[in-house]
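Reviewing the structure listed below.
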Amino acid sequence: MGKKVLLIGWDAADWKVINPLMDEGLMPTLNSMVNEGIIANLATLDPPLSPILWTSIATGKLADKHGILGFVEPDTRNMSVRPVLSLSRKVKAIWNILTQQGIKSHVVGWWPSHPAEPINGVMVSNFYQRAAASYDSPWPIADGTVHPKDLEEIFADLRVHPSELTLAHLAPLFPNYQKINQSNDPRLAQGAKILAQAASIHNASTWIMENKEWEFMAVYHDAIDHYCHAFMKFHPPQRNGIPDHLYEVYKDAVSGIYRFHDMMLERLLQLAGPDTTVIVMSDHGFHPDHLRPNKLPKEPAGPAFEHSPYGILCMKGDNIQKDERIYGATLLDIAPTILTLFGLPVGRDMDGKVLVQAFTDPLQPTLIESWETVDGESGMHAADRREDPWAAKEAMKQLVELGYVEAPGPDNQKNMEKITRESKYYLSRVYMYKKEYDKAAALLEEISSEEAALRYSLALIRCYQAMRKVPEFRATLDKVRQMDNGNIVQIDMLEGALLLLEYKPRKALEMLLKAEEKAGHMSQLHVQLGRIYLRSQRFEDAKRAFTKALAIDPQDANAHHGLAISLLRQNQYEEAAESALNAVGLLYYYPAAHYTLAEALMNMEEYERAAEAFEVVCALNPGNRKAHQWLVRLYDSHLNSEAKARQHNQFVNEKIKGVITIITGLPRSGTSMMMQMLKAGGADVLTDSIRQADKNNPKGYWEYEKVKKLMTDTTWLQEANEKSVKIIAPLLLHLPAKYDYKIIFMHRDMAEVLRSQQIMLGRKEALEKKAFPIVLSEAFQKQMDQATAWIKRSPNVNVLHIDYSEVLAQPQEIAESLCEFLDADLDITKMVEAVDRSLYRNRIAENV
Amino acid sequence: MDEDIKIVDATQSVPFEIPPEGSLGLLALGAVAMKPWRKKRIECGYEEKLIERVKKEVEEAKQRQQEKKEKMEAAKLKKEQETKGQDG
């Protein structure tokens, strides 16, 4: 295993730009690395803001742990706003851990790394490269930029001032520079400035590699990101609205800066030598194609909307696979993988994993509880250090110029409050990324009450959607509608999502089809449409919708997965497997896509591969009962591995809390009919047929005798696990909390219920008088109210209310809602056929 | 850093003549090329010209800023006078 690791960060580098350049032979160095090592799409995190992401890369931890929450932060000492500093990082970065282990480490330009940390090598902070004055004026190096301080002078001389650059440097990036009118177009100067900054970082890095001993070296370049923000709109193909003369002069800028990075990479590889493990990576991509947004939202960090969700990863070295692609890598995996390269344990508190697939010799990463509690000099700052306000001001200016932050206004207090709110917003997005929606919602509710911002409300809606908080979703959507003034295209999409939450897929479909007029360019819309078609078993429509989504965004993992399901359901197994592979290739942490892949493989009779895919599902989502059950069957029947089958069986029995579907309501409210529908659709129902069909229920009662003893005995409920069972409403209160329940609550007009019950009991007199005991009606109502109150206070219960008359009037719609609610692919046609309208004999309207 | 360092064209195995105006390739060599390039600029009188040019640019920028300021003030004055005229 290599003892030297070189980590090179290219902010915003994207394979979609790199691949064509490599194909043309314009990035030969990276191309050779690709051939000699592994490549991957590196999934970014949310929010995709560089200081947050690069800190996650360096720490292996998400922002709620590492504490860097945006581009800027409040400076409480000076009552102002400052660029985010290394002082705010709460946990050890990889270089701190390596310093503690005596591994010689150097870091250049990492964002954020100012002030430079006193590690056991050289650190040059991210405030290093910015020229603050004209070339003829002094250009002092800001205090805290270089560690150790005695190297300051050397590094000051290594900086390149933009004025030093000539057309010899700029012409390869701007071949038609003569056509630029520089007196009113500052873009060439801007390009020069960014290029000079990249050269400064490169000079510092190469100097260290030439002059200092090193084992770990990390270099960060932001020039690709900055060039993309400035010039990607001019990148070929020419977009509508981009004037020809501007396209001509700026169209080569993005590819030019990539090529320059390839040239710098060549030099770094020369200096690193063949024994070094080299990692080139980016924190996110940058849309170079039709996905480039036409306009950016007017909000802090608005330019981040140009970022794409996949960065690059290329790694080569002694123990690294050659010419291979690996899957499922995220930014969080870099630090754990580097620790493993040095033979060090990975912290259990790190959110990332070791990229074991990258290695030729199988590796068993070792673990440590946490590096945070390991004593010894790590080179982290003492808590009371403070930054240089002059340097902070320059960095702040650049962030404003790039559009990442608004220019600070005169009112410091207000600015600080605004920044604080914004950092809470970013933290809420980190929680959302972690699926901790309750924490995210709490923060978003707090900041929304202080400032009514559209982005806060939209994020809040996503939380409510995930938590299935329908009234809160509705209320927030109403607020959004008022705020929006018809400007955002997602309103109808959100309305559709809300209808789905209410298990009204048909209405949701109508809403989304309406949304297509405005938001037809959004792949998510077609994915949502496709999902509804899948539920309605309209597989061709679903296929069409997912294909449309993929035409818009070929990197949409959800669309690939949806397409896989539509193909699978149409028995096109090989194509389904291919689409599922595309989905997991883009997003490895996607248990549902692995599940679909396994299903397809099973149908192809590729049992071993199917078992592998199901095993991945179980690893990613151990609670997936079906995957375990399929594995039991596969190991038992096809792979001859009883031990493994037993292991999964045991896991299901001991560890997985099942879901029981309960069909409830008052007696004679349509519960038997519902049971029939579910059975016809293919659901597993629990019934003993002890109570036989009679003239009152000619198709049977679908009851289970033990239900009657629910008040005193709940042990039999285990038999109902993953099945549907009929339990009348008054008995719901006795259901134990240890199971999760999906309750289908049947409602029917009380008078109809009573009439039907009287008929069943043979009370003709009451029927003739059309008079039913009011006491009975009140008692039933009370029982219904009690059951409803129990449902509301039970977090382990999901409910779908269904009206008996609606089942008879619109069986298709109800069947679709049931599939949505149960998250099951039942046979809708058979469910509809099971509804017998002739049994609706006690309709009040017809008897009045 | 060794000031007498020679940059060699690897394809020809001969010393590489550093152009005073520099090049992207030279920039990509990193630290090792910086001092020879700057030295070359001084030797050729290119550096002097560069500083002159920068000074001129700074002057021009200042002048442009001054003109802009004057224009804005003139426009402001004109607007004030027009407002007064309307009031009168």
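The values are calculated or read from the model by the stated rules, or taken from the named source; none is laboratory data. Remember, it's a predicted structure, so these values are computed and weren't measured experimentally. Backbone-built Cβ (ideal geometry, glycine too); neighbour counts: all protein chains shown. Just so you know, the surface numbers come from the protein's heavy atoms only, side chains and all, with ligands and any DNA or RNA stripped out. Shrake-Rupley method; radii C 1.70, N 1.55, O 1.52, S 1.80 Å.
So what's the angle, to the nearest 10 degrees on a 0 to 90 scale, between helix A:253-272 and the longest Cα principal axis of chain A? That works out to roughly 70 degrees. Whole-Hz Karplus values for segment A:296-305 come out as 9, x, 7, 8, x, 6, x, x, 5, 5 Hz, taken residue by residue from phi with 6.51 cos²θ - 1.76 cosθ + 1.60 and θ = phi - 60°; glycine and proline positions read x. A:D157 contributes an accessible area of around 90 Å² to the protein surface, as traced by a 1.4 Å probe with all chains present.
In the protein assembly as shown, helical runs assigned H by DSSP with n ≥ 4 each contribute -39500 (n - 2.57); averaged across all residues and rounded to the nearest 500, the mean residue ellipticity at 222 nm is -15500 deg cm²/dmol. Could you tell me how many degrees, from 0 to 90 and to the nearest 10, lie between the Cα long axis of helix A:389-402 and the main elongation axis, the longest principal axis, of the Cα atoms of chain A? Roughly 60 degrees, rounded to the nearest 10.
Using 1/(1 + (r/R0)^6) with R0 = 41 angstrom and r between the beta carbons of A:E574 and A:K3, what's the FRET efficiency to the nearest 0.05? Computed FRET efficiency for A:E574 and A:K3: 0.35.
Per residue, the accessible area of segment B:48-88 comes to 100 Å², computed with a 1.4 Å probe over protein heavy atoms only.
With protein chains left intact and a 1.4 Å probe, residues in segment A:642-749 average 47 Å² of accessible area per residue. Derived scalar couplings between HN and Hα for segment A:127-140 equal 9, 5, 8, 7, 7, 9, 9, 6, 4, 7, 9, x, 10, x Hz in order, rounded to whole Hz, by the Karplus curve 6.51 cos²θ - 1.76 cosθ + 1.60 (θ = phi - 60°), x for Gly and Pro. For the peptide A:188-200, the mean number of other protein chain Cβ atoms found within 10 angstrom of a residue's Cβ is 1. Computed with every protein chain present, the accessible area of A:R292 is close to 20 Å² [probe 1.4 Å]. For chain A, with all protein chains in place and a probe radius of 1.4 Å, 50% of the accessible heavy-atom surface sits on carbon or sulfur. Each residue, A:A382 and B:K49, gets one label point 7 Å from its Cα in the Cβ direction; the gap between the two is 5.3 nm.
Note on the protein assembly as shown: Rg/Rh from C-alpha atoms, Kirkwood Rh, equals 1.05.
The accessible-area loss of segment B:17-57 on complex formation, taken against its chain alone with a 1.4 Å probe, reaches 50 Å² or more at B:L24, B:L27, B:A28, B:A31, B:R38, B:V54. All distinct Cα pairs of segment A:150-274 go into the 1/r average, and the inverse of that average, the Kirkwood radius, is 15.9 Å.
So if R0 is 35 Å, what FRET efficiency would A:K830 and A:R474 give, r being the distance between their Cβ atoms, rounded to the nearest 0.05?
E between A:K830 and A:R474, to the nearest 0.05, is 0.55.
Each label was represented as a point 7 Å from its Cα along the Cα-to-Cβ direction; for A:A452 and A:Q786 these points are 4.4 nm apart. Solvent exposure of segment A:5-390, expressed per residue, is 34 Å² of accessible area, with all protein chains present and a 1.4 angstrom probe. For the set A:I18, A:I242, solvent exposure ranked by accessible area (probe 1.4 Å, protein chains only) runs largest to smallest as A:I242, A:I18. Between B and A, roughly 2000 Å² of accessible area is buried in total, ligands, DNA and RNA not counted and the probe set to 1.4 Å. As a calculated quantity, the FRET efficiency between A:K699 and A:K655 at R0 = 30 Å, using C-beta atoms, amounts to about 0.20. Taking the Cα centre of each part, how many Å lie between segment A:629-678 and segment A:560-576? Taking the Cα centre of each part, segment A:629-678 and segment A:560-576 sit 24 Å apart. Burial annotation for segment A:259-289: residues with an accessible-area loss of at least 40 Å² between the isolated chain and the complete set of protein chains, computed on heavy atoms with a 1.4 Å probe, are A:F260, A:M263, A:R267.
To the nearest 10, the accessible area of A:M467 is 60 Å² with a 1.4 Å probe. Over the Cα atoms of segment A:583-656, each weighted equally, I'd like the Debye log10 I(q)/I(0) at q = 0.16, 0.25 Å⁻¹, rounded to two decimals. One equal scatterer on each Cα of segment A:583-656 leads to -0.50, -1.10. Ignoring the sites themselves, chain A has its longest run without GluC sites (Glu not before Pro) in a DSSP loop having at most 11 other Cβ atoms within 10 Å at A:606-848. Computed log10 I(q)/I(0) for segment A:405-547 at 0.18, 0.19 Å⁻¹: -1.06, -1.13, from the Debye equation with unit scatterers placed on every C-alpha and solvent omitted.
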